Amino acid sequence: MSLLIDVSVARGDTGVTARIDVPPQGITALIGRSGAGKSTLLQAAAGLLRPVTGRVAIDGSTLFDAASGTDLAPGARRLGVVFQDGRLFPHRDVRANLLYGAKRAPASAAGPALDEVVALLGLAPLLARRPHQLSGGERQRVALGRALLGKPRALLMDEPLASLDPPRRQELLGYLAALPARLNLPILYVTHQMDEVMRLADRVVLLADGRVAAEGPALELLSDLTLGPLVGRFEAGSVLAGSVAEQLGDWQLTTVMVAGQRVTVPQVAAAPGAAVRLRIRARDVALQREVLASSASNQLAGTVLRVIEREAPYAAVELALGPGGAPGERLWALVTQRSVQALAVAPGQPMVASFKAVAVEGRAAAVHTETESSSS
């Protein structure tokens, strides 16, 4: 069951015209600078904004079609929507808020029952509380539970963690990461935050000026340095997929296997074998001809794929990691054009990329839950 959003929405002088196909499994993250049109597209899909032209459909069933005049009311579309604020009923306890979502679901619809949602989101201790007695993260979990109990055909989330403090964000990220494996439905996730994209996204759609500028597998798109000017807060860099190899508890470090090579990072709370994603900013990567004694504990062998001259004095160098530059992980380095000339950096040349363990820290390391549609 896939969700199609192919619309033009009037907004300001330019409007938003875009087509997004949200696959039936995994999370599609919608990113871009503020004002790019992300929330506008989500609201158009939900029926909260009426497009000028276009079509919204799920699994071939039309929700909106300008040509035929079809425009189902938001409640009739059966799309679960979660906003930045939970929008819970303040006069009802958590159980009643959840049951409100359940009452709106068609009797014949497939989807999770109350007990399953309560267990999935850890809501059992909260059922008798009113919204004012909940933390921000707890309110968002209840809002998500209410949306799921409506047995939606797709789930739309508009920056659901934006109003939460860091500990609550990390807590809720864990619940969101578990959704694709438990629920077989399209999920569209609007965000500005790189750690959320790294942790959750299987696919990424990048909007710029109301148009789709790029889309594709999360790791591929997030590691495309040429898109840097379009992504706003996401500083140019690479996202590498790997698995935890060893915990170095005495040093508070973790080693991760990436493209057959060990990468040392500040400790990641994950068991050996767990899938992780590591983000390294291009400006933190240095290039050299061979492994050298250095405080940069990560020195990875690779092959130069391309050199892109940027605004002077910079150049961006893309490397394929691994022996012989075999297809796999890509790493970008932002260096000076002078360094490119001094090292004779050119496509096909073997090169060693080095960066410190501390270049991968905090939000730059994320445990990722694999799904069937994940490209990582």
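The values are calculated or read from the model by the stated rules, or taken from the named source; none is laboratory data. Everything quoted here is computed from the prediction, not taken from an experiment. So basically every Cβ, Gly included, is an ideal-geometry build from the backbone, and we count neighbours across all protein chains shown.
Report whether or not R130 is within 25 Å of the chain's Cα centre (by Cα), over 27 Å from A45 (Cα atoms), in the same structural domain as Q43 (by TED's automatic domain parsing) and touching a residue at least 24 places away in the same chain (Cβ under 8 Å).
Judged against the criteria, R130 is not a match.
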Q: Show the residue pairs that are 6+ apart or on different chains and have beta-carbon atoms under 7 Å apart, the first residue being within the range 175-191 and in the same structural domain as F83 (by TED's automatic domain parsing) and under 9 Å from G26 (Cα atoms), the second being small (G, A, S) and assigned to a loop (DSSP other than H, G, I, E, B).
A: P180/G26; P186/S2
Q) Looking at A29, is it assigned to a strand (DSSP E or B) and under 24 Å from the mean Cα position of the chain (by Cα)? A) yes
Q. Looking only at the range 218-241, which residues are over 17 Å from V285 (Cα atoms) and either modelled with pLDDT of 90 or more or β-branched (V, I, T) (or both)?
A. V231
(Q) Just to check your reading of the model, which residue among S295, S339 is hydroxyl-bearing (S, T, Y) and not in a helix (DSSP H, G or I)? (A) S295
(Q) For the range 34-46, give me each residue that is assigned to a loop (DSSP other than H, G, I, E, B) and either aliphatic (A, V, I, L, M) or buried (at least 18 other Cβ atoms within 10 Å of the Cβ) (or both). (A) A36, G37
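Tally the residues that are loosely packed, with under 13 Cβ neighbours inside 10 Å and either of a type outside the set (V, I, T) or under 28 Å from the mean Cα position of the chain (by Cα) (or both), restricting the search to the range 291-305.
Number satisfying all stated conditions: 4.
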Q.
So, A109, is that one more than 21 Å from R168 (Cα to Cα) and exposed (fewer than 15 other Cβ atoms within 10 Å of the Cβ) or not?
A. yes
Q | First in the range 287-313 and more than 21 Å from A236 (Cα to Cα), second anywhere and of a type in the set (G, A, S), Cβ under 6 Å, 6 or more apart | A | S297/A357
Q) How many residues, within the range 159-198, are buried (at least 20 other Cβ atoms within 10 Å of the Cβ) and either in contact with a Ser or Thr (Cβ under 8 Å, 6 or more places away or on another chain) or assigned to a strand (DSSP E or B) (or both)? A) 8
